[in-house]
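Worksheet for the structure shown next.
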C-alpha cells in the first residue's frame, strides 16, 4: 500500500519529466474511470523540464495506458521519444494550444456523451453551480470545416484556428465532435473535465423546468479560487483515487 500511496501522491506542480509522465498515465486512467474518456480521447501533460515538449500516450484506449506507453512530442507535433509508437492523429490539437497558452500544462480532448448535445446544437453551456464557476468565461464553439478529415482536428491550420477560438477560456467545443479542456496542471484538468460534464447534466435538467439562473462573472471568479485551491485539489485527488483504486493496481513502477 505504501508504494501505491507514494506513486500517486498529490502533486499539483511536477518538477521532473518523470513526475509528469506518471501524472499523464494516472490522469488517463482516472478520466477513463470517471467516464470522461472511453475507447477514444486523449490527454497530454507538458514537460516541466522542457516546456517545448509534452507527454502523451501512444494511440490506444486511455483506460489501458501505462508508463511504457508514453511518448514525448515537441510543439510542432514531432515525436521525440518512443518513435516506434503511433501517435494520435489529433496531436496538433495539443501542440498548437501549448504554443499559444504558456499557462496551460495539461490538456484533454474527449467526447463525453453529456456534452455532445451542446456541441451539436450550439446551445451555450454556462456555469449553473458553484463547482463549475471556473467556466465563467464561457465555452466557445469551433466548427471544423474539413469534412474529408473525418471531422478530426488533425491539420495544423485547423488546430491553430481551434487554439484561437479557445482563447483564454478553459474549454472549447468542437462542433458535432467533442470538447477540448485545459488546465494549469493535471489536477485542475481532471477537475475541469468532471465539473464540465456534471454542469452539462445539471443545466439540461434545469432547462426542462424553466430558465436556469447562471453564475455571474464575479461569482465565477470567486468560485474558481475555491475550486482550484490546493486544498480542494488534494481533496478531489484523494476522492478520484479511491474511486479508481481497483483499476490502478497494475501501476507500480
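The values are calculated or read from the model by the stated rules, or taken from the named source; none is laboratory data. Just so it is clear, the structure is predicted and the values come from calculations on it, not from any experiment. Ideal geometry is used to build each Cβ from the backbone, glycine not excepted, and the neighbour counts take in all protein chains shown.
Below is a table of values for the structure above.
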| item | result |
| --- | --- |
| Wholly within the stretch 91-186, helices (runs of 4 or more DSSP H) carrying at least 2 residues that are closer than 20 Å to residue 71 by Cα, under 17 Å from the mean Cα position of the chain (by Cα) and touching a residue at least 24 places away in the same chain (Cβ under 8 Å) | 91-100 |
| Tally, over the stretch 27-40, of residues that are touching a residue at least 60 places away in the same chain (Cβ under 8 Å) and buried (at least 23 other Cβ atoms within 10 Å of the Cβ) | 6 |
| Single residue of 37, 30 found to be closer than 25 Å to residue 162 by Cα, under 17 Å from the mean Cα position of the chain (by Cα) and modelled with pLDDT of 95 or more | 37 |
| So residue 200, is it part of a strand (DSSP E or B), modelled with pLDDT of 95 or more and closer than 14 Å to residue 123 by Cα | no |
| Answer from 66, 53, 16 - the residue that is touching a residue at least 24 places away in the same chain (Cβ under 8 Å), out of contact with any helix residue (DSSP H, G or I) (no Cβ under 7 Å at 6 or more places or on another chain) and either more than 23 Å from residue 233 (Cα to Cα) or crowded, with 16+ Cβ neighbours inside 10 Å (or both) | 53 |
| Top-ranked residue of the stretch 65-87 - restricted to ones that are under 18 Å from the mean Cα position of the chain (by Cα) and assigned to a strand (DSSP E or B), ranked as nearest to residue 154 (Cα to Cα) | 73 |
| Candidates 160, 164, 130 - the one that is farther than 22 Å from residue 191 by Cβ, modelled with pLDDT of 90 or more and touching a helix residue (DSSP H, G or I) at 6+ places or on another chain (Cβ under 7 Å) | 160 |
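To keep it simple, each residue is scored yes or no on (1) in contact with a strand residue (DSSP E or B) (Cβ under 9 Å, 6 or more places away or on another chain); (2) closer than 18 Å to residue 62 by Cβ; (3) crowded, with 20+ Cβ neighbours inside 10 Å.
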| position | (1), (2), (3) |
| --- | --- |
| 162 | yes, no, yes |
| 169 | yes, no, no |
| 190 | yes, yes, yes |
| 223 | no, no, yes |
| 239 | no, no, no |
| 250 | no, yes, no |
